[in-house]
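The values are calculated or read from the model by the stated rules, or taken from the named source; none is laboratory data. Quick caveat, the model's predicted, so the values are computed rather than measured. Note: ideal-geometry Cβ built from the backbone for every residue, glycine included; neighbour counts use all protein chains shown.
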Amino acid sequence: MNKINSNTKSGTFIVTDNQQLSSTYSLLILRPEDDIDLKLADFKAGQFVEVLPPANSTFLRRPISVCNVDETTNTLWLLIRDAGAGTHALNASRPGQKIDIIYPLGHGFSTTLPKASKVLLIGGGVGVAPLIYLGRKLKEAGIEPIFLLGARSKSDLLLLDKFNEIGKVFCSTDDGSFGTPGVVTQNPVINDNYDIMFTCGPMPMMKAVAKVAQQNNVECEVSLENVMGCGLGACLCCVEKTKDEGNVCVCTEGPVFNIKRLLW
Ligand SMILES: Cc1cc2nc3c(=O)[nH]c(=O)nc-3n(C[C@H](O)[C@H](O)[C@H](O)COP(=O)(O)OP(=O)(O)OC[C@H]3O[C@@H](n4cnc5c(N)ncnc54)[C@H](O)[C@@H]3O)c2cc1C
Ligand code: FES
């Protein structure tokens, strides 16, 4: 069954700022064009958008996570890693650039949790993107988020100041240049008592985190980044095999899954 959101729409957004975080990463801030009646605050943490990169750089849209929504300015934040033609064009876009976006897509993380819940949000690389908005939503619900962020090196740790504003932050770097040396699963903080873990990042990292969660008998939700075409449940190029429903489209059924559903 195609579980696309009934409130999915498309429209033009205007780049209001493009903050170059490094040669590879940028933070795009966009506002809906004036004639779109859109309350971005309705987006759920873990949902994504399908962006048509500017300058005819790609034929297909590219899936990008909702990194944050600034309700005061009704702007959308997208954290972009330059991975190829489409994300390169997004990275290079300047204020005033118009960008066509389909929004919001997919189903997000579970945010309706008891206030006393102890939650760990684990991100790696550009996978930290949805954890800003998730952390904020949890905090607004009275839950204190704890972040564990992993990267190759200190300079690859993204948006640390924003994470520090939201909750307690632990870091791991492969080269030991910041935080605990090694990968996130080697950071002792991962073995504290949690009610739930949320993770997004490279597949090997998410699988390793899922293994720790299984061993420690902790609930765990992962945000999959399978390659996508349409983002709308039509092309079937994003399928993931599940225990309960066989092959499902990550774009419409996910991208967030409880690990109990996955064949990991
Ligand atoms: C749900 C979801 C959320 C994502 N969120 C973000 C985000 O917040 N920020 C970010 O920078 N990236 C995100 N990505 C990854 C991003 O979509 C890809 O990096 C992008 O599509 C690559 O396109 P390109 O034209 O730049 O590069 P290409 O030259 O097309 O490809 C470069 C690399 O990206 C992979 N890739 C290509 N197309 C896709 C695709 N449609 N989906 C996933 N991977 C692809 C290729 O396998 C290749 O390894 C997300 C992907 C998914 C599925
Ligand atoms: S991307 Fe086309 S079905 Fe999911």
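A few notes on this one:
- Selection within the range 209-248 - over 23 Å from residue 124 (Cα atoms) and more than 11 Å from ligand 1 (Cβ to nearest atom): 232, 233, 234, 236, 241, 242, 243, 244, 245, 246, 247, 248
- Qualifying residue in the range 87-104 (condition: in contact with a helix residue (DSSP H, G or I) (Cβ under 6 Å, 6 or more places away or on another chain), without any contact (Cβ under 8 Å) to a residue 60 or more places away in the chain and not charged (D, E, K, R)): no
- From 132, 122, 102, residue being in a helix (DSSP H, G or I) and among the β-branched types (Val, Ile, Thr): 132
- Yes/no for residue 85 being surrounded by fewer than 22 Cβ atoms within 10 Å (Cβ to Cβ), within 16 Å of ligand 1 (Cβ to nearest atom) and hydrophobic (A, V, I, L, M, F, W, C): yes
- Within this structure, residue 148 fails the test of being touching a Leu at 6+ places or on another chain (Cβ under 8 Å), not polar (S, T, N, Q) and not in a strand (DSSP E or B).
- Residues in the range 213-228 that are modelled with pLDDT of 95 or more and within 16 Å of ligand 2 (Cβ to nearest atom): 223, 224, 226, 227, 228.
- Verdict on residue 129 being outside the structural domain of residue 37 (by TED's automatic domain parsing), away from ligand 2 (no atom under 16 Å from the Cβ) and small (Gly, Ala, Ser): yes
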